[in-house]
Amino acid sequence: MTLAHFWILHFLWFLPLVAMALVVYNRQKKKAMERFADAELLARLTGENRKGREFLKGFLLLSAFGLIIFALAGPRWGSHFQEVSQKGVDIMIAVDVSPSMLVEDITPNRLERARREIIDFLKVVQGDRVGLVAFSGAAFIQCPLTLDYAALEMFLNALQPDLIPVPGTDLGAAIQIALSSFDFKAETDKIILLITDGEDNEDRGLEAAREAEEKGIKIFVFGMGDTSGGPIPAGDGKGGFKKDKDGKLILSRLNENDLKKIASMAAGTYVRSVAGDLDLDVLYFDGIKSRTDAKTLKSGKIRIFEERFMFFVLASFLLLLLEGSISGKRSQGTASALLSGT
């Protein structure tokens, strides 16, 4: 036998306290009754106390209480095996970590907003395998496709602009690396979720999107930033902003036109981060889930233990019925006989 919640057994330590409370209650009750009449008259009116029966009633009550605690601990014995499966799609999230993602045209900045959106996204995915690609001027797989979302969050927290030393933003490399992470022998639907401000310095995004479309992979794009743009932090720890050779501030603007073309090319959807931390949730339910079919990602057998708490609940109920049927006094007939004899 095993217990599902072994810690609940600690409540059994309350049984001695309950026993003491019953003893105190009975003594206080007896003293209260003695204030109304002497012991002989009380015996004639209410019947004589039977200490043996009172002890038995208390024992049954405490036993019922103990059985209830044991039932709450979840006793289990016996088991059977059950076939289970997990269905979903494969989603590769490609996140832009170039310095332009530190622009604060959305709060607190583009990269931090993207990180928060993905964390919320992981809370609503329904059995899908999710992976992570980090990219700027180059791209690499930060986390392969997995069902362990907690592990993916650990990799997500490591996303910083200095993660990739190659400057620039290469959307084509991001899409191609994401494509290479999929197992094309599997029949699951495959999705690339591209999160970027859209500055494609290498101008290879459309070409890679066309390749994804030919392989039947949809690309959903999540645009980070504002079309009016903002200055790029210098990243030197001095709190300044990047400037060109003429001393003018370099502004980074959200390039929606190219991102929309990439999404359209690969039969996906473009969404801009403007509404808050629920944007990716909407993209998941209204876009990804509505355009894909969940396939079996994982199947197997799990051992299911048989719950047996109901036996202890039934035993407790029977003890309470028995306790209620036992009187701690002499029968009414005996009391009447005592009265008639006076």
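Coordinate-derived values only; no laboratory data. Since the structure is predicted, the reported quantities are computational estimates derived from the model, not experimental observations. Reconstructed Cβ throughout: ideal geometry from the backbone, glycine too, with neighbour counts over all protein chains shown.
Put in order of Cβ neighbour count within 10 Å, fewest first, the listed residues D226, D286 become D286, D226. Couplings 3J(HN,Hα) of region 163-168, computed from phi: 5, 10, x, 7, x, x Hz, in residue order, whole Hz [Karplus 6.51 cos²θ - 1.76 cosθ + 1.60, θ = phi - 60°; x for Gly and Pro]. Dipole magnitude for region 85-298: computed about the Cα centre from +1 point charges on Lys and Arg Cβ and -1 point charges on Asp and Glu Cβ, it is near 220 debye.
Under 8 Å for C-alpha pairs, at least 6 residues apart: give me the relative contact order for region 85-298, rounded to a whole percent. Result for region 85-298 is 27 percent. Checking the cross-link pairs K190/K260; K218/K242; K123/K243; K123/K242 against a 29 Å limit on the alpha carbon distance flags K218/K242; K123/K243; K123/K242 as lying beyond it. Backbone amide hydrogens, once placed in the peptide plane, bring L194 within less than 5 Å of A94, F220, V221, F222, excluding anything fewer than 5 places away on its chain.
Distance between the modelled labels on H10 and T146, one decimal in nanometres: 3.2 nm (7 Å Cα→Cβ projection). Sum up the charges of everything whose Cβ sits under 15 Å from the Cβ of F140, counting Lys and Arg as +1 and Asp and Glu as -1, but leave F140 out. So the environment of F140 carries a net charge of -3. Summing Lys and Arg as +1 and Asp and Glu as -1 over all other residues whose Cβ lies under 15 Å from the Cβ of L159 gives a net charge of -2.
Once the C-beta distance of D286 and L56 is scaled by a Förster radius of 56 Å, the resulting FRET efficiency is 0.25 to the nearest 0.05.
Any aspartates and glutamates with Cα under 15 Å of the K30 Cα? List them, leaving off those in the same chain fewer than 8 positions away. Qualifying aspartates and glutamates at Cα under 15 Å: D38, E40, E48, E54. In order along region 148-160, the phi-based Karplus estimate (6.51 cos²θ - 1.76 cosθ + 1.60, θ = phi - 60°) of 3J(HN,Hα) comes to 8, 5, 5, 5, 5, 4, 5, 5, 5, 5, 8, 5, 9 Hz; Gly and Pro are listed as x.
Cβ crowding within 10 Å ranks L3, L67, L193 as L3, L67, L193, fewest other Cβ atoms first. Exposure proxy ranking for S136, S327, based on other Cβ atoms within 10 angstrom of each Cβ and starting from the fewest, stands as S327, S136. Take S180 and R308, extend 7 Å from each Cα along the Cα→Cβ direction, and tell me the distance between the two endpoints in nm. Calculated label separation equals 5.6 nm.
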